[in-house]
Amino acid sequence: MEILSAYRRRRLNPQTQRGLALALTAFIFGVLLQPALGAEATKEYQLKAAFLYNFAKFVEWPSDAFPKSDSPIIIGIVGGNPFGADLEKTIKDRTINGHPIKICLISERETNFVAQVLFIAAAEDRLVDNVLRCAANRPVLTVGESDKFIQRGGLINFVFEADKVRFEINAEAAGRAGLHISANLQKLAKKVPGK
(Lines give C-alpha, C1' and ligand atoms only; values in the text may rest on other atoms or scores of the structure.)
Protein backbone atom coordinates (compact mmCIF):
# COMPACT_ATOMS: atom_id res chain seq x y z
CA MET A 1 0.00 0.00 0.00
CA GLU A 2 2.87 2.36 0.79
CA ILE A 3 4.48 1.72 -2.60
CA LEU A 4 1.18 2.47 -4.41
CA SER A 5 0.78 5.77 -2.53
CA ALA A 6 4.32 6.78 -3.44
CA TYR A 7 3.63 5.94 -7.10
CA ARG A 8 0.45 8.04 -7.10
CA ARG A 9 2.27 10.99 -5.53
CA ARG A 10 4.97 10.88 -8.19
CA ARG A 11 3.99 13.24 -11.00
CA LEU A 12 5.73 14.23 -14.21
CA ASN A 13 6.96 17.78 -14.36
CA PRO A 14 5.03 20.08 -16.80
CA GLN A 15 7.89 20.16 -19.33
CA THR A 16 8.00 16.36 -19.55
CA GLN A 17 4.19 16.24 -19.84
CA ARG A 18 4.29 18.71 -22.77
CA GLY A 19 7.08 16.71 -24.45
CA LEU A 20 5.10 13.47 -24.15
CA ALA A 21 1.94 15.19 -25.42
CA LEU A 22 3.82 16.56 -28.45
CA ALA A 23 5.38 13.18 -29.19
CA LEU A 24 1.99 11.47 -28.92
CA THR A 25 0.37 14.10 -31.19
CA ALA A 26 3.15 13.74 -33.78
CA PHE A 27 2.78 9.96 -33.71
CA ILE A 28 -1.02 10.13 -34.16
CA PHE A 29 -0.77 12.62 -37.05
CA GLY A 30 1.98 10.55 -38.65
CA VAL A 31 -0.17 7.43 -38.52
CA LEU A 32 -3.28 9.27 -39.77
CA LEU A 33 -1.54 11.17 -42.57
CA GLN A 34 0.49 8.30 -43.96
CA PRO A 35 -2.44 6.56 -45.68
CA ALA A 36 -3.61 9.90 -47.06
CA LEU A 37 -0.19 10.65 -48.54
CA GLY A 38 0.04 7.11 -49.87
CA ALA A 39 -3.41 7.49 -51.44
CA GLU A 40 -2.32 10.75 -53.09
CA ALA A 41 0.76 9.06 -54.57
CA THR A 42 -1.39 6.15 -55.75
CA LYS A 43 -3.83 8.56 -57.40
CA GLU A 44 -0.93 10.33 -59.14
CA TYR A 45 0.36 7.09 -60.66
CA GLN A 46 -3.14 5.92 -61.61
CA LEU A 47 -3.43 9.14 -63.62
CA LYS A 48 0.05 8.72 -65.10
CA ALA A 49 -0.80 5.13 -66.08
CA ALA A 50 -3.81 6.43 -68.03
CA PHE A 51 -1.59 9.07 -69.64
CA LEU A 52 0.96 6.44 -70.75
CA TYR A 53 -1.76 4.40 -72.40
CA ASN A 54 -3.13 7.49 -74.16
CA PHE A 55 0.33 8.66 -75.24
CA ALA A 56 0.72 5.33 -77.03
CA LYS A 57 -2.64 5.86 -78.77
CA PHE A 58 -1.51 9.22 -80.18
CA VAL A 59 1.92 8.20 -81.46
CA GLU A 60 2.74 6.61 -84.80
CA TRP A 61 5.76 4.33 -84.94
CA PRO A 62 7.58 3.44 -88.15
CA SER A 63 6.55 0.04 -89.51
CA ASP A 64 9.94 -1.49 -88.68
CA ALA A 65 9.39 -0.73 -84.96
CA PHE A 66 7.38 -3.97 -84.76
CA PRO A 67 8.56 -7.40 -85.94
CA LYS A 68 4.99 -8.32 -87.02
CA SER A 69 1.78 -6.39 -87.62
CA ASP A 70 0.25 -7.83 -84.43
CA SER A 71 3.37 -7.59 -82.24
CA PRO A 72 2.68 -5.98 -78.88
CA ILE A 73 3.39 -2.40 -77.94
CA ILE A 74 5.76 -2.86 -75.04
CA ILE A 75 5.74 -0.33 -72.22
CA GLY A 76 9.08 -0.68 -70.48
CA ILE A 77 9.56 0.58 -66.93
CA VAL A 78 13.16 1.24 -65.99
CA GLY A 79 14.18 0.28 -62.45
CA GLY A 80 11.49 0.40 -59.79
CA ASN A 81 7.81 0.30 -60.74
CA PRO A 82 5.96 3.25 -59.16
CA PHE A 83 2.64 2.18 -60.74
CA GLY A 84 2.12 -0.97 -58.72
CA ALA A 85 -0.78 -2.79 -60.40
CA ASP A 86 -2.36 0.40 -61.80
CA LEU A 87 -0.66 0.29 -65.20
CA GLU A 88 -1.54 -3.39 -65.61
CA LYS A 89 -5.19 -2.60 -64.82
CA THR A 90 -5.20 0.33 -67.26
CA ILE A 91 -3.98 -1.68 -70.25
CA LYS A 92 -5.73 -4.98 -69.49
CA ASP A 93 -7.48 -6.39 -72.59
CA ARG A 94 -6.77 -3.24 -74.64
CA THR A 95 -5.13 -2.92 -78.01
CA ILE A 96 -3.86 0.00 -80.06
CA ASN A 97 -4.15 -0.31 -83.84
CA GLY A 98 -4.25 -4.10 -83.57
CA HIS A 99 -1.28 -4.26 -81.18
CA PRO A 100 -1.85 -5.77 -77.74
CA ILE A 101 -0.05 -3.92 -74.93
CA LYS A 102 2.47 -5.50 -72.59
CA ILE A 103 4.49 -4.22 -69.67
CA CYS A 104 8.15 -5.09 -69.25
CA LEU A 105 10.30 -4.25 -66.23
CA ILE A 106 13.75 -3.23 -67.39
CA SER A 107 16.77 -3.61 -65.16
CA GLU A 108 18.93 -0.54 -64.68
CA ARG A 109 21.87 -2.40 -66.24
CA GLU A 110 19.97 -3.49 -69.35
CA THR A 111 21.04 -1.57 -72.43
CA ASN A 112 19.60 -3.70 -75.24
CA PHE A 113 15.95 -3.42 -74.20
CA VAL A 114 12.99 -3.84 -76.54
CA ALA A 115 10.19 -1.32 -75.91
CA GLN A 116 8.11 1.14 -77.85
CA VAL A 117 7.35 3.24 -74.74
CA LEU A 118 9.92 3.65 -72.00
CA PHE A 119 9.07 5.17 -68.60
CA ILE A 120 11.78 6.39 -66.23
CA ALA A 121 10.51 7.43 -62.79
CA ALA A 122 11.97 10.39 -60.92
CA ALA A 123 13.42 7.93 -58.40
CA GLU A 124 15.60 6.57 -61.22
CA ASP A 125 16.91 10.00 -62.26
CA ARG A 126 20.54 8.81 -62.06
CA LEU A 127 19.77 6.42 -64.94
CA VAL A 128 18.16 8.97 -67.28
CA ASP A 129 21.23 9.97 -69.30
CA ASN A 130 22.36 6.39 -69.86
CA VAL A 131 18.86 5.17 -70.78
CA LEU A 132 18.34 8.06 -73.20
CA ARG A 133 21.71 7.29 -74.83
CA CYS A 134 20.61 3.65 -75.29
CA ALA A 135 17.26 4.79 -76.75
CA ALA A 136 18.82 7.40 -79.07
CA ASN A 137 18.11 6.92 -82.77
CA ARG A 138 15.57 4.21 -82.00
CA PRO A 139 11.78 4.53 -82.31
CA VAL A 140 11.21 4.63 -78.55
CA LEU A 141 8.83 7.06 -76.86
CA THR A 142 10.77 8.01 -73.72
CA VAL A 143 8.60 9.33 -70.89
CA GLY A 144 9.95 10.69 -67.63
CA GLU A 145 9.12 12.83 -64.66
CA SER A 146 12.51 14.27 -63.77
CA ASP A 147 13.67 17.83 -63.73
CA LYS A 148 15.03 18.81 -67.18
CA PHE A 149 14.07 15.44 -68.71
CA ILE A 150 13.13 17.18 -71.98
CA GLN A 151 16.38 19.16 -72.09
CA ARG A 152 18.31 15.93 -71.53
CA GLY A 153 16.72 14.41 -74.65
CA GLY A 154 13.52 12.80 -73.33
CA LEU A 155 10.39 13.02 -75.47
CA ILE A 156 7.58 13.48 -72.94
CA ASN A 157 7.92 14.68 -69.36
CA PHE A 158 5.31 14.79 -66.60
CA VAL A 159 5.25 18.06 -64.68
CA PHE A 160 3.04 19.53 -61.97
CA GLU A 161 1.28 22.79 -62.59
CA ALA A 162 -1.17 24.17 -60.01
CA ASP A 163 -1.24 20.74 -58.33
CA LYS A 164 -2.27 19.06 -61.58
CA VAL A 165 -0.35 16.50 -63.60
CA ARG A 166 0.56 18.00 -66.96
CA PHE A 167 3.10 17.02 -69.58
CA GLU A 168 5.51 18.64 -71.98
CA ILE A 169 6.60 17.27 -75.34
CA ASN A 170 9.84 17.49 -77.27
CA ALA A 171 8.39 17.03 -80.79
CA GLU A 172 11.75 17.74 -82.43
CA ALA A 173 13.42 14.85 -80.58
CA ALA A 174 10.40 12.63 -81.38
CA GLY A 175 10.93 13.36 -85.08
CA ARG A 176 14.59 12.37 -84.81
CA ALA A 177 13.47 9.09 -83.21
CA GLY A 178 11.17 8.42 -86.18
CA LEU A 179 7.99 8.96 -84.16
CA HIS A 180 5.05 11.10 -85.16
CA ILE A 181 3.19 12.60 -82.20
CA SER A 182 -0.38 13.63 -83.01
CA ALA A 183 -1.02 17.35 -83.23
CA ASN A 184 -3.99 16.82 -80.90
CA LEU A 185 -1.68 15.46 -78.20
CA GLN A 186 0.79 18.27 -78.78
CA LYS A 187 -2.00 20.82 -78.26
CA LEU A 188 -2.65 19.38 -74.80
CA ALA A 189 1.02 19.67 -73.81
CA LYS A 190 2.17 22.38 -71.42
CA LYS A 191 4.83 23.45 -73.88
CA VAL A 192 6.47 22.04 -76.96
CA PRO A 193 10.18 22.94 -76.92
CA GLY A 194 11.81 23.47 -80.29
CA LYS A 195 8.62 24.59 -82.04
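Here are some notes:
- Take the conditions (1) touching a strand residue (DSSP E or B) at 6+ places or on another chain (Cβ under 8 Å); (2) surrounded by 14 or more Cβ atoms within 10 Å (Cβ to Cβ); Asp70 misses just one of them, which is (2).
- Of all residues in region 154-172 being in contact (Cβ under 8 Å) with a residue 24 or more places away in the chain and not in a strand (DSSP E or B), the one that is surrounded by the fewest Cβ atoms within 10 Å (Cβ to Cβ): Ala171
- Residue match in region 137-150 (condition: in contact with a helix residue (DSSP H, G or I) (Cβ under 8 Å, 6 or more places away or on another chain), surrounded by 13 or more Cβ atoms within 10 Å (Cβ to Cβ), at pLDDT below 90 and hydrophobic (A, V, I, L, M, F, W, C)): no
- Qualifying residue in region 85-99 (condition: within 19 Å of Phe167 (Cβ to Cβ), under 13 Å from the mean Cα position of the chain (by Cα) and modelled with pLDDT of 90 or more): yes
- Residue match in region 129-139 (condition: more than 23 Å from Asn170 (Cβ to Cβ) and among the acidic types (Asp, Glu)): no
- For region 104-116, the count of residues that are modelled with pLDDT of 95 or more and in contact with a Leu (Cβ under 8 Å, 6 or more places away or on another chain) is at least one.
- Residues (in contact with a helix residue (DSSP H, G or I) (Cβ under 9 Å, 6 or more places away or on another chain) and either under 21 Å from Glu168 (Cβ atoms) or of a type in the set (Gly, Ala, Ser) (or both)) located in region 105-120: Ala115, Gln116, Val117, Leu118, Phe119, Ile120
The values are calculated or read from the model by the stated rules, or taken from the named source; none is laboratory data. Because the structure is a prediction, the values reported are computed rather than measured. Every residue, glycine as well, gets a Cβ built from its backbone with ideal geometry; the counts of neighbours run over all protein chains shown.
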